[in-house]
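Undergrad: Please find one structure pasted underneath; my questions will follow.
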Amino acid sequence: MPKLTKSIYNLITTEKTTRIKDGQNKYTFLTNRSLSVAKAKKEIEEAFKVDVENVHAIIMPGRKKRIGRTNNYTRLPASKKVVVKLKAGQKIDIAKKVPTASEKKEDAKND
């Protein structure tokens, strides 16, 4: 999975998150489970050069996923997402932060 920063994995894009992004200037990110709200705010401010008003964190429980046609299930791990509200007039351009091929190679070496 390409990462935007060390602890922030990617921007969640659904109909609901697009609606709140356009209407309320809030962005939703999938993050590391151990990331705190204060660290999330700091990382987003540094990575995207924006001012964050507030951050809300939600822990999404793991879910069952069916395997094949049988009645077997596996458990997917729990995840965490943060909803970040930016100050008025600011926005995040996610296309600028997509990692290049060389950054992907460095990231693979570090993991």
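One line per residue, one yes/no per condition, for (1) among the polar types (S, T, N, Q); (2) closer than 25 Å to Pro77 by Cβ:
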| site | (1), (2) |
| --- | --- |
| Ile12 | no, yes |
| Gly23 | no, no |
| Ser34 | yes, yes |
| Ala40 | no, yes |
| Val52 | no, no |
| Val55 | no, yes |
| Ile58 | no, yes |
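Undergrad: Looking only at segment 9-28, which residues are under 10 Å from the mean Cα position of the chain (by Cα) and free of Cβ contacts under 8 Å to residues at least 40 places away in the same chain?
TA: Once the filter is applied, which keeps residues that are under 10 Å from the mean Cα position of the chain (by Cα) and free of Cβ contacts under 8 Å to residues at least 40 places away in the same chain, segment 9-28 yields Tyr9, Asn10, Thr13.
Undergrad: Here's a follow-up. Would you confirm, using the coordinates I've provided, whether Lys21 is in contact with a Lys or Arg (Cβ under 7 Å, 6 or more places away or on another chain) and basic (Lys, Arg)? Steps first, answer last, please.
TA: Working: in contact with a Lys or Arg (Cβ under 7 Å, 6 or more places away or on another chain): no; basic (Lys, Arg): yes.
In short, no.
Undergrad: For Ile12, are the conditions met, namely being β-branched (Val, Ile, Thr) and surrounded by fewer than 11 Cβ atoms within 10 Å (Cβ to Cβ)? I'd like the intermediate steps shown before the answer.
TA: On the way: β-branched (Val, Ile, Thr): yes; surrounded by fewer than 11 Cβ atoms within 10 Å (Cβ to Cβ): no.
So Ile12 fails the test.
Undergrad: Here's a follow-up. Need pairs with beta-carbon distance below 9 Å; first residue assigned to a helix (DSSP H, G or I) and exposed (fewer than 15 other Cβ atoms within 10 Å of the Cβ) and within segment 29-49, second among the acidic types (Asp, Glu) and modelled with pLDDT of 90 or more; sequence gap 6+ or separate chains.
TA: Going by the 9 Å Cβ cut-off, the qualifying pairs are Glu45/Asp51.
Undergrad: Are any residues in segment 15-26 in contact with a Phe, Trp or Tyr (Cβ under 9 Å, 6 or more places away or on another chain) and buried (at least 17 other Cβ atoms within 10 Å of the Cβ), and if so, which ones?
TA: Filtering segment 15-26 for residues in contact with a Phe, Trp or Tyr (Cβ under 9 Å, 6 or more places away or on another chain) gives 17, 20-21.
Hits for segment 15-26 are Thr17, Lys21.
Undergrad: If I filter segment 54-61 for residues that are exposed (fewer than 13 other Cβ atoms within 10 Å of the Cβ) and of a type in the set (Gly, Ala, Ser), do I get at least one hit?
TA: There is no residue in segment 54-61 that is exposed (fewer than 13 other Cβ atoms within 10 Å of the Cβ) and of a type in the set (Gly, Ala, Ser).
The values are calculated or read from the model by the stated rules, or taken from the named source; none is laboratory data. These numbers were taken from a predicted model, which means no experiment stands behind them. Cβ atoms come from the backbone with ideal geometry, glycine included; neighbour counts cover every protein chain shown.
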